[in-house]
Amino acid sequence: MEDPRERLTTTVSDAELERRWKAARAVMREHKIDYLVMRNDEEFLGGYVRWFSDFPARESYPFTVIFPVDDEMTTIACGNLPPSDYFPPRWAARGIKQRLGAPYFPSMHYTATMDAELAVGVLKEKKGATIGLVGRTSIPITFHEYLVQHLPGCTFVDATDSIDRLKVIKSPEEIELIKNTARLQDEAMEHVRKSIRPGRRDFEIFAEAQYAMAIRGSSRQLVLVGSNPKGVVIRWQVHHFQNRMIKEGDQVNILIETNGPGGFYTEIGRVFSLGKPAQALQDAMGTAIEAQALSLSLLKPGANPKDLWDANNAFLQKRGYLPEKRLYAHGQGYDLVERPAIRYDETMKIQAGMNLTVHPWAINDSAWSVVTDNYLVTETGVSACLHKTQKEVIVIE
């Protein structure tokens, strides 16, 4: 008889899950929290449910995890009318006591409280419980209102920051998965390099990058591609604007933001030139690489993200380029964008064990260039670059 476990793609070990659960319960006991409740609906920015259960939310189908301080967890997924316990399959569920489900969808407003009703059925078992909400920005108002209305006597607190501070520090097992994602992205970037040629449209290069990562075990791929004539300033583009045809002499900007087997994210961005690149582009790339090196020199345990933000902008402006106004560096894990954010208002300081992508750009009236790579924070600074693709304008002859 076929073993159903053969269906599983890369997962973390039992020991890794137990490490997370133990750390979370220690925090819960410290803050006298009886339950953690989290709800995500996508994999790109839905790392909370996966960190606890090893199952991602996908394709905007909401997935809820209820994690008690003294018992196994409950999951709630889109499924059949209750009682419904088809997902996750019992043979794959670890640390999960109940698998509840109902046919609820964000596009059908009259099903808006079906998962909340199931959650209340679990949470009301302990009268006067303190319930820690994790990732409040991912919990819809309909879900939250129903819980508050139907759990009188319970206290709701925001437990997000406490859980963030656990999940941003990567274990050795997680670090190996992160390194593997970076390695596969290097391979995907080489595949893309061989795929770029005149006559192809930007979305075809997007498809090549997406394929190159999916065939290597990635389950979620965000790929930005933007081509432009030599000397014209334009950034990479989302799929909606990827119909331009690549021509001789063009430059092509590629950003591969994907997870790898096991679900951990890194990202790599490079600029390609079909023929000799414009000098302004070369200069901008050199500045972006120097800006990245500056941030890396400051990425040490205890560093304040605002200090990196200020130093990066001062450097860019001194060189005659525009200051950053976006998120130019940040943590990554099960979320494509994870704390700490390297910006002026982040309260979390840099710590050893974090995985950060650093992607400064250099923009002026003559050029737009960016370099994007991942690094691990060590006790003394940062690791060697996790990506091995050369940092330069890559010329395609």
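Between Arg136 and Leu8, the distance separating the two model label sites (each 7 Å from Cα on the Cα→Cβ line) works out to 3.6 nm. For the chain, the 222 nm mean residue ellipticity estimated from helices alone, with every DSSP H stretch of n ≥ 4 adding -39500 (n - 2.57) and the total spread over all residues, rounds to -10000 deg cm²/dmol. A Förster radius of 35 Å, combined with the Cβ-Cβ distance separating Tyr61 from Glu397, puts the computed FRET efficiency at roughly 0.15.
Note on Tyr344/Lys318: beta-carbon distance plugged into 1/(1 + (r/R0)^6) with R0 of 25 Å gives a FRET efficiency of 0.85.
Annotation: extensible slack from Val238 through Leu327 equals 30.3 nm (criterion: 0.36 nm per residue apart, minus Cα-Cα distance).
For the range 4-167, the C-alpha radius of gyration sits at 0.97 times the compact-globule guess of 2.2 N^0.38 Å, with N the residue count.
Estimated at 0.36 nm per residue, the fully extended path between Gln390 and Ser107 surpasses their Cα-Cα distance by 97.4 nm. Altogether, the Stokes-Einstein calculation at 4 °C and 1.567 mPa s, with the Kirkwood radius of the range 92-195 over Cα pairs as Rh, returns a diffusion coefficient of 74 µm²/s. At full extension, His144 and Ala26 could sit 40.0 nm farther apart than now, given 0.36 nm per residue minus the alpha carbon distance.
The distance between label points at Ser195 and Glu176 comes to 3.0 nm (points 7 Å beyond Cα on the Cα→Cβ vector). Taking the DSSP beta bridges with both ends in the chain, the antiparallel portion is around 70 percent. Sketch the reach of a paramagnetic label on Asp71 as a point 7 Å from Cα along Cα-to-Cβ, and name the residues of the range 35-61 whose backbone nitrogen lies under 15 Å away. What the label zone holds, given the 15 Å backbone N cut-off, is 35-37. Per residue, the Cα convex hull of the range 196-320 amounts to 128 Å³. Each 10 Å bin from zero holds the following percent of Cα-Cα pairs in the chain: 5, 21, 28, 24, 15, 6, 1, 0.
Values in this text are rule-based calculations from the coordinates and carry no lab data. In this text the structure is predicted, and so the values were computed from the model without any measurement. Cβ coordinates were reconstructed from backbone atoms using ideal geometry, including for glycine residues, and neighbour counts include every protein chain displayed.
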